[in-house]
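The next block holds one structure in the form of structure tokens; read it before the comments.
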Amino acid sequence: ISEFSKNDILNYDSSINPDSIFVAPLAASPSLFYINKNKEEWEHAKKKYALPENYFLAVSSNDKRKNIPHLIKSFNKFLLQTKQNNISLLLIGNYKFSNLDLDVLGIDKAVQKKIIIPEIFIDNADLSVIYSNALCFYFMSLYEGFGLPALEAMQCGIPVVASDTSSIPEVVEDAGILISPVDEDQLCSVMEKISSDADLRNRMSKKSILQSEKFSWKACASIYNESFKKMLAQ
């Protein structure tokens, strides 16, 4: 599903012939992830999940490699340094099953109130409007075979800030901001720029849309089709 994954396999087993591996990038569902600024749907989602008006978004499981504590601690530093009180961090995924302890992470009590974790699972029908109304999407994973959440966000037309590791740069390229997944000061600085610069957000949104158009299930299927033909011809 990525050149990174191919190289990962080859590094694991050098006896494998590189020509025997084909790369078929994934795609985001066009029926679930699209630009959705419908005001009625947004008001419905806000009420349904008790969402804030202005928020950074992260969509993830509680797997350690997803690096959510790093994002939370960087957000804490960002709010304490900038004294902003109108931006929240919205975390959706299976967080209610996690053992995430904000006190253990050293998160300021006031900041904790700005970290929003919905009590109920987000329905598929609500994903597009929740993605589309975010100020920015953050994907600071330490390791990905592809990085589908970043593509989903770009397809919804929002700015993306992501890790510069593993396969993620292949998905995001120069459409988003790629940074170290372990540098809190760097992420904090990016958060400040994103929150204060509407023109930057608009430029990044346009780049996100263009980048997302490079991926489709039709293109993925075409690669499989051609690869199967080559196998049959051998």
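Here M140 does not qualify as among the aliphatic types (A, V, I, L, M) and at pLDDT below 95.
Within the range 116-133, the set of residues being within 24 Å of P181 (Cβ to Cβ) and crowded, with 22+ Cβ neighbours inside 10 Å comprises I130, Y131.
Of the set (1) surrounded by fewer than 21 Cβ atoms within 10 Å (Cβ to Cβ); (2) in a helix (DSSP H, G or I); (3) modelled with pLDDT of 95 or more, all apply to E152 but (1). Taking (1) open to solvent by less than 60 Å² (accessible area, probe 1.4 Å); (2) without any contact (Cβ under 8 Å) to a residue 60 or more places away in the chain in turn, I9 satisfies each apart from (1). L232 meets all of the listed conditions (1) closer than 25 Å to A24 by Cα; (2) more than 13 Å from the chain's Cα centre (by Cα); (3) open to solvent by 70 Å² or more (accessible area, probe 1.4 Å); (4) at pLDDT 95 or above but one, namely (4).
Filtered by the rule that a residue be open to solvent by 20 Å² or more (accessible area, probe 1.4 Å) and assigned to a helix (DSSP H, G or I), the range 155-193 gives Q155, P169, E170, E173, D174, E184, D185, Q186, S189, E192, K193. Give the residue that is farthest from S167 (Cα to Cα), with candidates limited to residues of the range 1-24 that are among the charged types (D, E, K, R) and modelled with pLDDT of 95 or more. Selected residue: D13.
Every residue in the range 130-149 that is farther than 20 Å from K206 by Cβ and either aromatic (F, W, Y) or assigned to a loop (DSSP other than H, G, I, E, B) (or both), please. Across the range 130-149, the qualifying residues are M140, S141, L142, Y143, E144, G145, F146, G147. Across the range 47-66, the qualifying residues are those that are surrounded by fewer than 21 Cβ atoms within 10 Å (Cβ to Cβ), more than 24 Å from D197 (Cα to Cα) and not hydroxyl-bearing (S, T, Y), and the one among them that is modelled with the lowest pLDDT is N62.
Among the residues that make up the range 71-84, is at least one of them surrounded by fewer than 21 Cβ atoms within 10 Å (Cβ to Cβ), touching a residue at least 24 places away in the same chain (Cβ under 8 Å) and in a loop (DSSP other than H, G, I, E, B)? Yes: the range 71-84 contains one or more residues that are surrounded by fewer than 21 Cβ atoms within 10 Å (Cβ to Cβ), touching a residue at least 24 places away in the same chain (Cβ under 8 Å) and in a loop (DSSP other than H, G, I, E, B). Taken residue by residue, the range 36-54 has no member that is under 23 Å from V160 (Cβ atoms) and in contact with a Phe, Trp or Tyr (Cβ under 6 Å, 6 or more places away or on another chain). When N76, N86 are checked against the criterion of being of a type in the set (S, T, N, Q) and within 19 Å of P181 (Cβ to Cβ), N76 stands alone in meeting it. Which of (1) out of contact with any Asp or Glu (no Cβ under 7 Å at 6 or more places or on another chain); (2) touching a residue at least 40 places away in the same chain (Cβ under 8 Å); (3) buried (at least 20 other Cβ atoms within 10 Å of the Cβ); (4) part of a helix (DSSP H, G or I) does Q211 not meet, given it meets every other one? Answer for Q211: the failing condition is (1).
The values are calculated or read from the model by the stated rules, or taken from the named source; none is laboratory data. Please read all numbers here as calculations on a predicted model, not as lab measurements. In this analysis, Cβ positions are derived from the backbone assuming ideal geometry, glycine residues included, and neighbour counts consider all displayed protein chains. The accessibility values were calculated without ligands, DNA or RNA, using every heavy atom of the protein model including side chains. Shrake-Rupley method; radii C 1.70, N 1.55, O 1.52, S 1.80 Å.
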